[in-house]
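What follows is a single structure, written as structure tokens, with notes after it.
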Amino acid sequence: MNERPNEKTAFIRWTSRIERGLLRTAAALAAALLVAQLLLQIPSVRHFLSGAESYEGIVYHTR
């Protein structure tokens, strides 16, 4: 392969930017998942976010 050094450097910079973007996206999604799971621990919020709880026989937090 006969690549020019500028092309290789440009490719490395481009992939580094993509990698940083993917890592930031993964971190943001993990943080959103953590917040959602913590919010689901609050009964009033869980009732608002999840419609499936209304189909349960005995609600967990009233036992």
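Assess whether Arg24 counts as being basic (Lys, Arg) and exposed (fewer than 10 other Cβ atoms within 10 Å of the Cβ).
No; evaluated as a whole, the condition is false for this residue.
Name the single residue, out of those in region 28-63 being open to solvent by less than 90 Å² (accessible area, probe 1.4 Å) and assigned to a loop (DSSP other than H, G, I, E, B), that is modelled with the highest pLDDT.
Ranking the candidates gives Ile42 first.
The values are calculated or read from the model by the stated rules, or taken from the named source; none is laboratory data. Remember, predicted model here, so these are calculated numbers, not experimental data. Ideal geometry is used to build each Cβ from the backbone, glycine not excepted, and the neighbour counts take in all protein chains shown. We work out accessible area using only protein heavy atoms, side chains counted, and drop any ligands, DNA or RNA first. Shrake-Rupley method; radii C 1.70, N 1.55, O 1.52, S 1.80 Å.
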